[in-house]
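The values are calculated or read from the model by the stated rules, or taken from the named source; none is laboratory data. Quick caveat, the model's predicted, so the values are computed rather than measured. In this analysis, Cβ positions are derived from the backbone assuming ideal geometry, glycine residues included, and neighbour counts consider all displayed protein chains. Heads up: the accessible areas ignore ligands, DNA and RNA and are worked out on the full protein's heavy atoms, side chains in. Shrake-Rupley method; radii C 1.70, N 1.55, O 1.52, S 1.80 Å.
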Amino acid sequence: MGFVNLLFAIGAATLAGPLLYHLLLRDRAQRRILPTLRFLGQMAPQTYAAHRLKNLLLLLLRLAVLALIVLAFMRPYMKADAEQADPDKAQEGVVFALDTSLSMRAQDRWDNARSRLETLLESQPPDTRLALLLFDRAPRLAVSDTTDNLEVLAALRTAKPGAASTDLLAAIRSACDAASHLQALRKRVYLLSDFQNSALNDIRLDLVLPPGVDLFPVPIDDVDRFNATIQNVRETDSEAKDKRRIVVQAAGFGPGRHTAEVVVRDGGEVLASREIVVDASRPVVADIEFPVETDREMFLTAHLELKDAIDEDNAFPFKIEDRSPIPLLVLAPIGSIRLGDEAGGIPSDANPFLKAAVRACEPRVRSKWLDPSQIDAVRVGDYAVVLALGPEAFPPATIARLQEYVRSGGAVVAFPEKGEGDALGDLVGVEVRGWREIDPEVGYRLVSGGTDGGPFSIPGESVDSLVGHPRASRYLEVSEEFPEGVGALLRFDDGSPFLLARKMGSGSVFCFTVPLDPRATDFPIRASFCPFLLEMFRHATRRAEGAFDYRVGDIVPGNELPEGGMVLAPTGRSLDESGTLALAEPGFYRIVTGGKNRTLAVRTDPEESDLSMMTVDEIDAISRLSRSEDAFTDPDLLTASSLTSSDRPPDASRRLWFTLLSAVLGVMALESLLAARTVR
């Protein structure tokens, strides 16, 4: 047995006070003979002896209460049975978990972290089992289990902070798992991090530590530093045909207002620049216009030039799309059409809402209208998108051609008209049960968002935010269970699909369950209809390229990497990647295979640029705490707290402490009972 707070043993000396008072200053009885009381002579000694015994017992009970309270404050502890049974285990096992995320690059944070870890390492007793865990988004064990301090120091000196974000929850779990495997009696994890607010958001959800492992947070820095970053860049329409316009959103974090310059570069060439002022009050949005070739796809970088805490998050790689017209084939049942009529050849008897939408998409779209029965008159593969109106009435040969076109990488966007026939079900891959109608006077169905996933995604936007919330009183009812490859991208408020998507081969089919009829839905007359349709067309032209936007630390799976291809990192060096591609630095990665190139834009996480930290009290509030005061060799270096799981079983020391408290309460109750009887 040992004691945590030996200083409280001084309190035991105070127990001698009441005892000395009782022995030295008590009243002394004198013998006197009183004739009137001579008949009580035999009774008096017995009464006096009993009274004296009760007083002595009261004194001892009160001294016992004080002694037990002093003992409880001394915090006695006992070694666990397992510790006494296995003498071969080391006394101490320590895992150092060191944050290597982007925020640790801020000025002197990294140097401070290494210095504190070295100090902690030197303070460990000989033969301590040691491990070193480095973490950002993904934890990695640099040293697994050793007693050699030099091995840990060597790994520490080769480590450096990267550009990825922080997953503190994964780091805590991995570090505690590594500690639980150390052959030691007492296991601890020292977590050295800057403890960003953004990194700790998920820890409150489910933090469970293995029994027998204590976690000690070691904050690295508490200085409030200014930092800024570019959060987003998106392209908007420019009135000039020979120019492009982008909207740059920048944000500042920390104290003060700072002037910065946003510079747009194409490689080393500066295309445009604009001066802005950033602070922590709100993001800054800047419109920047620059001359470029209008029909050329370009990979550019927006740089935020100013003096702040981190430089690596000041560059934002992005792409401006090829603005050449999208070739669109419109298949609509019409009375007559002149083949080869490309410009302005929209039939007069076509659906007026479809005509208005296609006209609104020009000049981004170059359309050709065709009756479904005349599909053999054109090469469907020459068109990026096929817009099908009323495919349930298409001839079987036309449906077969469309399926072949989709499997080879094409995209079909369909709107039903009659809702009868098997052709639509064959194209979309679900059972179509016919129209479901609601009396408009009674109510309607509202598109409330919600997606099952699927092949359709728009970088930086969500499907439901683009389409809005259309209403419908008539829509197609389809089977509730979808086969593999089919999903509902948008649903009504009753769960019925509004927009279906089917992955078929290398292409996709998108089918709305409402007709282009304002009597059935307000979708074709909403302001969002044309922009949403155009965005679907634009997305279809780039679907085969795969994802473009990534964050540092993302992994590109092997099935997305071409065989025999070469991968070039942002620095220009060639990467020999087999199986998967780890994106470890920001910038453009280029995958070259044969005559085709694929470019990936890799960016830092904007949340990692916010260097604000949680306070020690906020860290303590994450979970129920347990104290291990004998672990702290330097109170200025360590945080006086230990995170423990809420479901860890009480150890022998805790049970002993509760036993002492119970004994105090029991003795006090006995003393009260005896005192009451003595008074009577």
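What do you reckon, is residue 293 among the acidic types (Asp, Glu), at pLDDT below 90 and surrounded by 13 or more Cβ atoms within 10 Å (Cβ to Cβ)? Spell out the reasoning first.
Numbers: among the acidic types (Asp, Glu): yes; at pLDDT below 90: yes; surrounded by 13 or more Cβ atoms within 10 Å (Cβ to Cβ): no.
No: the conditions fail for residue 293.
I'd like the residue in the stretch 118-142 that is over 27 Å from the mean Cα position of the chain (by Cα) and closer than 21 Å to residue 177 by Cα and, out of all such residues, is surrounded by the fewest Cβ atoms within 10 Å (Cβ to Cβ).
This residue is 127.
From (1) assigned to a strand (DSSP E or B); (2) at pLDDT below 90, pick out the condition that doesn't hold for residue 230.
The one condition residue 230 does not meet is (2).
Residue by residue through the stretch 304-317, note down the ones that are open to solvent by 50 Å² or more (accessible area, probe 1.4 Å) and farther than 13 Å from residue 604 by Cβ.
305, 307
Taking the stretch 404-436 only, how many residues are aliphatic (A, V, I, L, M) and either touching a Lys or Arg at 6+ places or on another chain (Cβ under 6 Å) or part of a loop (DSSP other than H, G, I, E, B) (or both)?
The number of residues fulfilling the criteria is 2.
Only one of (1) in a helix (DSSP H, G or I); (2) in contact with a Lys or Arg (Cβ under 8 Å, 6 or more places away or on another chain) is not met by residue 524, so which one is it?
Looking at each condition in turn, residue 524 falls short on (2).
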